[in-house]
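> For reference, the structure I am asking about is given below.
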Amino acid sequence: MKSLPTSCLLLAILLVASVTRQALSERCEHCNCQATCQKVCRLVHQEKKVEITCWGCKCEDFCVPGPSTLKCSHCECITCRCVEGAINNLGAKPKKFLWAEWLPGCATIHTKKKLMKRTITKTIPSYEWVVENICDSCEKQMSTVSQSKP
């Protein structure tokens with residue numbers, strides 16, 4: 001017995017929801033009036049950002065040294081002496097340390113090219129078709145405006 005009033009109430013809610021949805025969809029998207037509307041295609045102008053990649057070369061100078069010549073050789077005897085008060089006294093033998101002193105030769109300048117990348121953002125016009133619900137009066141206004149434009 002309780003299921004009949006419940007189902008009637010549910011049916012009434014669904015009916016109101018569908019009528020409300022139709023009423024909302026019958027509003028003109030241009031002037032927001034509530035009239036009989038029809039779907040039309042409208043061209044919308046937009047701005048679109050496009051990235052452009054540019055490649056180029058940058059010259060950079062660097063030096064290449066020429067052959068060097070030996071100036072003199074050095075030899076030194078290094079001893080590891082024990083320091084007073086040190087905890088770990090090392091008993092090491094003296095060590096011979098050899099090194100050479102070199103005179104650099106003349107250098108020449110060379111140029112290398114480095115690849116460089118640059119990104120530029122450009123704004124360009126773009127167009128998109130959109131579907132709108134429009135009433136008869138707005139459609140007439142739009143058609144007269146589009147006919148007056150060359």
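The values are calculated or read from the model by the stated rules, or taken from the named source; none is laboratory data. None of the values given here were measured: they were computed from a predicted structure. No Cβ is skipped: glycine too gets one built from the backbone with ideal geometry, and neighbour counts run over all protein chains shown.
> Touching a Lys or Arg at 6+ places or on another chain (Cβ under 9 Å) and modelled with pLDDT of 90 or more: which single residue out of 124, 109 fits that description?
Matching residue, one of 124, 109: 124.
> Next up: Let me confirm something: among 71, 117, which residue is over 39 Å from the mean Cα position of the chain (by Cα), modelled with pLDDT of 90 or more and of a type in the set (Lys, Arg)? Please lay out each step first, then the result.
Values: 117 fails: over 39 Å from the mean Cα position of the chain (by Cα).
Within the list 71, 117, the selection yields 71.
> When you scan the stretch 75-96, do you find a residue that is at pLDDT 90 or above, of a type in the set (Lys, Arg) and surrounded by 10 or more Cβ atoms within 10 Å (Cβ to Cβ), even just one?
no
> So which residues in the stretch 45-67 are among the β-branched types (Val, Ile, Thr) and either touching a Gly at 6+ places or on another chain (Cβ under 8 Å) or under 16 Å from residue 106 (Cα atoms) (or both)?
Passing the criteria: only 64.
> With the requirement that a residue be modelled with pLDDT of 85 or more and either of a type in the set (Lys, Arg) or within 13 Å of residue 137 (Cα to Cα) (or both), what does the stretch 41-57 give you?
Within the stretch 41-57, 48, 49 qualify.
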